[in-house]
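To start, the structure under review is shown below, and the notes come after it.
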Amino acid sequence: MTQTAELRPQSVRLSRAKANALITPEEIAASPLARYRTLVDDWDAFAAALGRPLPPCIWANPTRISVAALADLLAEQGLDAQPVPGLPGALRLPEETKAGRNWWYCAGLAHAQEEVSQLPAMLMDLAPGQRVLDLCAAPGGKTAQIAFALGNRGTLVANDIAHARIKALQGNLDRLGVVNVTTTCSDGANWPSASGQFDRILVDAPCSSEGTLRRTPSLLPRLDPNSALRLGPRQRALLRKAVQRCRPGGRILYSTCTFAPEENELVVADILAEHPGLLRLLPAAVPGFIATPGVTHWNGRELPPELASCLRIWPHHRDTGGFFMAILEKDASCPAEPTPEPAGLDDTDAAEWLAGLDDKYGLGGDYWTGYRANRQTRRGLHLMAADHAPPAVPVAESSGLFFHRTNVRPPKPSTGGALLFGRDVTRFGVALDTEQRDRYLRREIFAPTPEQRAATPTGQIIVSYRGHVLGVGVLHRSGVIESLFPSRWSGCAA
């Protein structure tokens, strides 16, 4: 056991019986969080909030459903979904709701993401046509929000340092139908200059995660007051790289989910000091959210007064997690770098495969006008926005959405591909009833109704429920439907 661990109070050092065990105010007071007493306006309310479970929150996928229609759908299911002030696309759900286990989540109609984590995309001043970099992107909720703010067009690069996290990131993007993102696996602190510069950069930095305690109470015994000092150098390196890769006049949003000034204001202050005259802090505010200004003095250190422009969100103010954000703007007068040539992509046989999908599903000859199809692996074709231009370096893990598997017989759309174009099919589509929906999501074999059987030829089919696509199935000559719902998505089973 390290010396730091030995110094922790016994009440904090004890392992929690369950990951979701509630935290008591006494535990908070005996933990490293006690050092924030001078920063919190109401310590008792702060400690009490950390002892309550975090209300689940989802946002509606704007390419598939309106937030009002999603709320109506949830109400029919008996879920009292409440609008979230300040987040026009979000709904707060009852405490016990497991969003990922519902059919509407499988269909990519919504994404689960806590309220404060939805704020960065709102504060980045995003608009279609911008070139954007998400430097620490997994698991992808913020990435998807940025992608949709760009109109699901143009170029967004989503990077993470861990391969395992890239897989989770790509899975979320596929489920939501994102086609303007290239994912990369690279050390963000050493992001290559050959990638060019970006109009907007998000640095959602790895941190000590104190603000997530309501979601993961088991983190409390592992909090280390020295972790902020240990993480600081990496956070500075990431933000320093973002400054380098930001275009003149562009913006960087730096965020963490921790309370520690050493990971927040002190990081921003040091980067400002390293680049005098190059950067300025913009005021950060979210209408409808109660927040406090950034810290301007901490632990005997006086910080620049402009750090008050940063934004701190405390859990007790709006029943959320904790969060920190700073918006930095780069001087527009400094020299800009030329935009690099994009990566080359193999689209030699794409037109033939798209014509085959048109013919089978009755999509129409001009259906794919807004897309680029290309082959990135031997498995099949990816689909990207027509104006997506991924950089040549670092080498992409994936560009766009893997949507059509061509290395199997017969070829078949991926589930992500079916969710994207399935609502527009005019042939080989089957609308399921509620029982069939649940059996499909459990990957079971089930019988079609006589009407479904009479209206649909045998072969691969696109299945839907209430007009929302669920994925791909096979209607066999024997008269049963086989589910091809992915086993890795089986948590969505009803």
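The values are calculated or read from the model by the stated rules, or taken from the named source; none is laboratory data. Worth saying up front: this structure is predicted, and the values here are computed from it rather than measured. So basically every Cβ, Gly included, is an ideal-geometry build from the backbone, and we count neighbours across all protein chains shown. Keep in mind that these areas ignore ligands, DNA and RNA; they rest on the heavy atoms of the full protein, side chains included. Shrake-Rupley method; radii C 1.70, N 1.55, O 1.52, S 1.80 Å.
Here the 3J(HN,Hα) profile of the stretch 79-96, calculated from phi with Karplus coefficients 6.51, -1.76 and 1.60 at θ = phi - 60°, is 9, 8, 8, 9, x, 10, x, x, 10, x, x, 10, 9, 8, 9, x, 3, 7 Hz, Gly and Pro shown as x. Here the Karplus relation 6.51 cos²θ - 1.76 cosθ + 1.60, evaluated at θ = phi - 60°, turns the backbone of the stretch 364-374 into coupling constants of x, x, 9, 4, 8, 4, x, 10, 10, 9, 7 Hz, with x for every Gly and Pro. Dividing the Cα radius of gyration of the stretch 388-433 by its Kirkwood radius returns 1.12 for Rg/Rh. Within the chain, all pairs of alpha-carbon atoms sorted by distance into 20 Å bins from zero give the percentages 22, 51, 24, 2.
At 37 °C and a viscosity of 0.692 mPa s, what translational diffusion coefficient does Stokes-Einstein give for the stretch 250-385, taking Rh as the Kirkwood radius over Cα pairs? Give it in µm²/s as a whole number. D = 170 µm²/s.
Backbone phi angles across the stretch 250-266, fed through the Karplus curve with coefficients 6.51, -1.76 and 1.60 (θ = phi - 60°), yield HN-Hα couplings of x, 10, 10, 10, 9, 9, 9, 10, 9, 8, 5, x, 5, 9, 10, 4, 5 Hz in residue order; Gly and Pro are listed as x. Net charge in the neighbourhood of LEU253 (other residues with Cβ under 13 Å of its Cβ; Lys, Arg +1, Asp, Glu -1) is -1. Across the stretch 139-270, C-alpha contacts under 8 Å between residues 6 or more apart give a mean separation that, scaled by the residue count, equals a relative contact order of 26 percent.
Considering every alpha-carbon pair of the stretch 419-463, the percent of pairs per 10 Å bin, from zero through the bin containing the longest distance, is 25, 57, 18.
For the stretch 12-128, the equivalent ellipsoid derived from the Cα gyration tensor has semi-axes of 32, 19, 12 Å, listed largest first. Once you compute Rg and the Kirkwood Rh from C-alpha atoms, what is the Rg to Rh ratio for the stretch 135-279? So for the stretch 135-279, dividing Rg by the Kirkwood Rh gives 0.97.
Taking only the Cα atoms of the stretch 191-256, the radius of gyration and Dmax are 14.9, 44 Å.
In summary, the convex hull built on the alpha carbon positions of the stretch 359-466 has an orientation-averaged projected area of 8.3 nm². When HIS163, HIS316 are compared by accessible area at a 1.4 angstrom probe, the order from most to least is HIS163, HIS316. Between LEU307, GLY321, CYS246, the Cα set farthest toward the positive side of the dipole of the stretch 239-327 (charges on each charged residue's Cβ, about the Cα centre) is that of CYS246. Note: relative contact order over the stretch 320-395, using C-alpha pairs below 8 Å and six or more positions apart, is 32 percent. Neighbours of GLU265, meaning other residues whose beta-carbon lies under 13 angstrom from its beta-carbon, give a summed charge of -2 when Lys and Arg score +1 and Asp and Glu score -1. By definition, a body whose alpha carbon gyration tensor gives a ≥ b ≥ c is oblate when a/c is 1.5 or more and a/b is not larger than b/c, and the stretch 239-316 fits this oblate description. Take the alpha carbon gyration tensor of the stretch 69-133, find the square roots of its eigenvalues, order them as a ≥ b ≥ c, and report rounded if a/c is under 1.5; if not, report prolate when a/b exceeds b/c, else oblate. Here the stretch 69-133 falls in the prolate category. Amide H contacts under 5 Å for ILE461: GLY473, VAL474, LEU475, restricted to partners 5 or more places along the chain or on a different chain, H placed in the peptide plane at 1.01 Å from N. When only Cα pairs below 8 angstrom with a gap of at least 6 residues are kept, the chain shows a relative contact order of 14 percent.
Between ALA332 and ARG427, the simple spin-label model (points 7 angstrom out along Cα→Cβ) gives 5.4 nm.
Of all aspartates and glutamates in the structure, the ones whose alpha carbon falls short of 20 Å from that of LYS330, not counting any fewer than 8 places away in one chain, are ASP125, ASP134, ASP199, ASP204, GLU265, ASP270, GLU274, GLU306.
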